[in-house]
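Reviewing the structure listed below.
The values are calculated or read from the model by the stated rules, or taken from the named source; none is laboratory data. Quantities reported herein were computed from a predicted structural model and do not represent experimental measurements. Here the Cβ is made from the backbone with ideal geometry for all residues, glycine too, and neighbour counts use every protein chain on show. To get the accessible areas, we keep the full protein, side chains included, count just its heavy atoms, and leave off ligands, DNA and RNA. Shrake-Rupley method; radii C 1.70, N 1.55, O 1.52, S 1.80 Å.
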Amino acid sequence: MSLPKQVRLVEVGPRDGLQNEKQPISVADKVRLVDDLTAAGLSYVEVGSFVSPKWVPQMAGSADVFAQIQQKAGVTYAALAPNLKGFEDALAAGVKEVAVFAAASEAFSQKNINCSISESLQRFVPVMDAAKQHGIRVRGYVSCVLGCPYDGDVAPEQVAAVSRELFAMGCYEVSLGDTIGTGTAGATRTLFDVVGRDIPRDKLAGHFHDTYGQAMANIYASLLEGISVFDSSVAGLGGCPYAKGASGNVASEDVVYLLNGLGIHTGIDLDLLIQAGSRICEVLGKANGSRVAKAKLASA
């Protein structure tokens, strides 16, 4: 299969990247990050999460962040809204697109959100109904698609079953997440082959973690399967909570570098993206997780 001519990156740094940080991050720093990312040409940014601050303290100021960012035309500013209360809060904050998430592994679903996969899907029904009523688009995430920290291997058919449910409910796109980063290129191709029998490939996205150093290979394998949407996080923000000290999200800078090398259009300015990542890493006092950014900054 020939490679896609264009790829859309879904930037998850401000949400997935920051939510596990221990230190408090000011609303001003989050706003600056989102504005830096859109200035670099990102057309889709997951800005925050409307969940109980008791569970995810770092996302407590999401409504303030939405109120203060400079919203540019043609950019999607999305938020995670896993239940009706979260959806209502997101709506009040002026959010135009939300995301819901389910797991492909029963054990992960129980440990992560204290309910079975089917119960978690039932919880989304009122969210989907409300979204339809208000003209809000909903994106679906499926986690643990290439392995689970508790169950081990996850069958592609199981991923397909959960993805089908989300798609049938009205999610316009389903992002398949390798939550623990154990997937390899062959397994990735098989996964998209199986799930792609039920859902058109232009409605699927890849979300790869680099815990085992396989994210770039998996993205290339996905491109070969006709996938043209990928989730990534600036500076590789967001470690893997299931592997202490391990890297988590694939770095947006590294993905853009790969795509540029393949002649695939993203509309993203790599230098501005590197600056955005560098700035938030200074705020956090942590090393930049992007290999491309580290190499370019060292040679500058």
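Sorting check: for 111-124, 211-224, which peptide has the highest mean count of neighbouring beta carbons within 10 Å, and how do the rest follow?
On the way: 111-124: 15.9, 211-224: 20.5.
Ranking the peptides 111-124, 211-224 by packing returns 211-224, 111-124.
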Projected label distance in nm at Lys85 and Thr184, using a 7 Å step from Cα toward the beta-carbon | 4.4 nm
Provide the net charge surrounding Ala40, with neighbours chosen by a C-beta distance below 12 Å and charges set as Lys +1, Arg +1, Asp -1, Glu -1.
-> -4
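When the Kirkwood hydrodynamic radius is evaluated over all pairs of different C-alpha atoms of the chain, what value in angstrom, to one decimal, is obtained?
Final number for the Kirkwood radius of the chain is 18.9 Å.
What is the extension gain from Lys22 to Trp55, computed as 0.36 nm multiplied by their sequence separation minus the C-alpha to C-alpha distance, in nm to one decimal?
So the chain would gain 10.6 nm between Lys22 and Trp55.
So what's the net charge close to Gly147: Lys and Arg +1, Asp and Glu -1, counting the other residues with Cβ under 9 Å from its Cβ?
-3
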Fraction of accessible area attributable to carbon and sulfur, the range 72-145 (%, probe 1.4 Å) = 52 percent
At 1.4 Å probe size, with every protein chain present, just tell me what the per residue accessible area of the chain comes to in Å².
-> 42 Å²
Grab the eigenvalues of the alpha-carbon gyration tensor for the range 251-292, scale each by 5, take roots, and send me the semi-axes largest first in whole angstrom.
-> 22, 10, 5
Flagged as over-length at 27 Å C-alpha distance, from Lys30/Lys85; Lys54/Lys294; Lys85/Lys244, the pairs are Lys54/Lys294; Lys85/Lys244
With a 1.4 Å probe and every protein chain left in place, tell me how much accessible area Ser143 has, in Å² to the nearest 10.
-> 20 Å²
What are the extents of the Cα atoms of the range 1-66 along their three principal axes, listed from largest to smallest and rounded to whole Å?
-> 46, 24, 19
Which trypsin sites (Lys or Arg not before Pro) from the range 1-110 combine a DSSP loop assignment with at most 13 other Cβ atoms within 10 Å?
-> Lys5, Lys22, Lys54, Lys72
Other-chain or far-sequence residues with amide H under 5 Å of Tyr44's (modelled H) | Glu11, Thr76
Considering only the chain, what is the antiparallel percent among its DSSP beta bridges, to the nearest 5?
-> 5 percent
Given a cut-off of 28 Å, name the pairs among Lys5/Lys296; Lys5/Lys286; Lys72/Lys132 whose C-alpha atoms lie farther apart than that in the structure shown.
-> Lys5/Lys286
Calculate for the chain the 222 nm mean residue ellipticity that helices alone would give, adding -39,500 (n - 2.57) per DSSP H run of length 4 or more and normalising by residue count, nearest 500 deg cm²/dmol.
-> -12500 deg cm²/dmol
What is the chain's relative contact order, in percent, from Cα pairs under 8 angstrom and six or more apart in sequence?
-> 20 percent
Counted charge near Val162, where neighbours are those whose Cβ lies closer than 14 Å (Asp, Glu -1; Lys, Arg +1) = -4
Per principal axis, descending, Cα span of the range 8-126 in whole Å | 40, 31, 26
Once amide H atoms are built 1.01 Å from N in the peptide plane, which residues 5 or more positions from Ala99, or in another chain, come under 5 Å H to H?
-> Ala79, Leu80, Ala81, Arg139
The range 177-300, convex hull of Cα, quarter of hull surface, nm² -> 7.9 nm²
